[in-house]
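Written below as structure tokens is the structure these notes are about.
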Amino acid sequence: MPIARTVDAAPPRHVLAAAASGVTRFIAAEGGDAARVLERAGVPAERIAEPLLPLDLGAYCAMMELAAADTGDANFGLRFGQQFEPEQLGLIGHIALAAPTLGAALEAFAGLFPFHQQVTETRFARSGDTLRLEYRILDGRIVERRQDAELTMGMFANVLRRCLGRDWAPDEVQFEHPQPGDAREHRQAFAAPARFGQRSNALLFRCRDLERPMPGRDPAAFVALREELRRVAGSTGALGFIDRVRGELRSRLSSGYPHVDQIAAALGLARWTLQRRLAAHGCSYAGLVEDVRRELATRYLAERHLPVGDIAGLLGYSELSAFTRAFLRWFGVAPTQARRRQDAPL
């Protein structure tokens, strides 16, 4: 008996427009055409000027990627984030600034950030002497998001710098995307080692000053602003089932083939429940892994500095030959041949 295929509706996923504060000026300063970038991304220019209005998260991420291309600055997001002050973030930034202590600011910031930016996971956790402020987008539909990750880590760092001083630096910064051709600017921006191809984006640091008062502490505002953010955002958003599975697969590929039990646990499901729900959507687990690998393979192959062997590792293949066989099956050519075709003059 054939399985009936159900279609996941694509729920809206929003980020408050405060996250784009000053972006048109910054695009212009970098030599780009802001109006062209916003039009191509599908971001209404009039909404950016209203910090409490929602923007589609996919369009917002696309805007940052298009800004990098339009300005010719591959590090557009990195530079935009470094100059982005907490006040520009709107409610979530003011919440952090009004917190009584740095520790309270970071806990509230991580706990409430998914209201500011839906379908996002943020965590503030301790492991031994190391603190970790972590961020990732859960939506597997948003494939190109390097610029968003780099600007968001800059925004997060500036919250800490507001309390600890402009010279504060993490011990390490991590990014989920592959290493760019030249990562020197990343290390300079954070004054710390930068690691790429990680499970999530994160700042790692040791800090004994979590009880240090925030310079703008205001207990009454701290409480009121948290309620206001929840009211304005309404929720942390919802993802279709397949999009959530795709997001979890992507975050684990660089560590090897993601076992079905890992993904089921991440979703809070039993293995058989995950497989049953995938079947109800007309999918298989192995097929969905292959879909995510194929989509990322084309994206990574366009990064000319990435050796094909490194791409194989980022996609969870233990051997280059296995990746080559899969690529031949998907596209009818080997990855090295596909890259040569990309490089060939028109």
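Test P213 against the stated conditions and say whether it is at pLDDT 95 or above and open to solvent by 30 Å² or more (accessible area, probe 1.4 Å).
yes
So, in region 245-261, how many residues would count as being surrounded by 18 or more Cβ atoms within 10 Å (Cβ to Cβ) and part of a loop (DSSP other than H, G, I, E, B)?
The number of residues fulfilling the criteria is 1.
Please go through region 268-297 and pick out each residue that is among the hydroxyl-bearing types (S, T, Y), surrounded by fewer than 16 Cβ atoms within 10 Å (Cβ to Cβ) and in a helix (DSSP H, G or I).
Selection gives T273 alone.
Take the residues in region 151-201 that are assigned to a loop (DSSP other than H, G, I, E, B) and of a type in the set (A, V, I, L, M), then tell me which one is most open to solvent (accessible area, probe 1.4 Å).
Step by step, filter region 151-201, then rank; the result is A191.
Scan region 12-30 and report the pairs whose first residue is hydroxyl-bearing (S, T, Y) and whose second residue is part of a helix (DSSP H, G or I) and surrounded by fewer than 19 Cβ atoms within 10 Å (Cβ to Cβ), with Cβ atoms within less than 6 Å and a gap of 6+ or a chain change.
S21/Q88
So D148 passes all but one of these: (1) in contact with a strand residue (DSSP E or B) (Cβ under 6 Å, 6 or more places away or on another chain); (2) open to solvent by less than 10 Å² (accessible area, probe 1.4 Å); (3) in contact (Cβ under 8 Å) with a residue 40 or more places away in the chain; (4) not small (G, A, S). Which condition number does it fail?
(1)
What are the residue pairs meeting all of these: first residue in region 282-308, first residue free of Cβ contacts under 8 Å to residues at least 60 places away in the same chain and more than 14 Å from S251 (Cα to Cα), second residue open to solvent by less than 60 Å² (accessible area, probe 1.4 Å) and assigned to a loop (DSSP other than H, G, I, E, B), Cβ atoms under 8 Å, and 6 or more apart or on different chains?
Pairs that qualify, where the first residue is free of Cβ contacts under 8 Å to residues at least 60 places away in the same chain and more than 14 Å from S251 (Cα to Cα) and the partner is open to solvent by less than 60 Å² (accessible area, probe 1.4 Å) and assigned to a loop (DSSP other than H, G, I, E, B), are A297/L315.
Hey, any hits in region 117-132 for a residue that's at pLDDT 95 or above, open to solvent by less than 10 Å² (accessible area, probe 1.4 Å), more than 17 Å from N201 (Cα to Cα) and touching a helix residue (DSSP H, G or I) at 6+ places or on another chain (Cβ under 7 Å)?
no
So which pairs qualify, if the first residue must be in region 230-244 and in contact (Cβ under 8 Å) with a residue 40 or more places away in the chain and part of a loop (DSSP other than H, G, I, E, B), the second must be open to solvent by 60 Å² or more (accessible area, probe 1.4 Å) and basic (K, R), the Cβ gap must be under 9 Å, and the two must be at least 6 apart or on different chains?
What qualifies is L239/R141; G240/R141.
The values are calculated or read from the model by the stated rules, or taken from the named source; none is laboratory data. Predicted model, so just to flag it, every value in this text is computed and none were measured. Cβ atoms come from the backbone with ideal geometry, glycine included; neighbour counts cover every protein chain shown. The accessibility values were calculated without ligands, DNA or RNA, using every heavy atom of the protein model including side chains. Shrake-Rupley method; radii C 1.70, N 1.55, O 1.52, S 1.80 Å.
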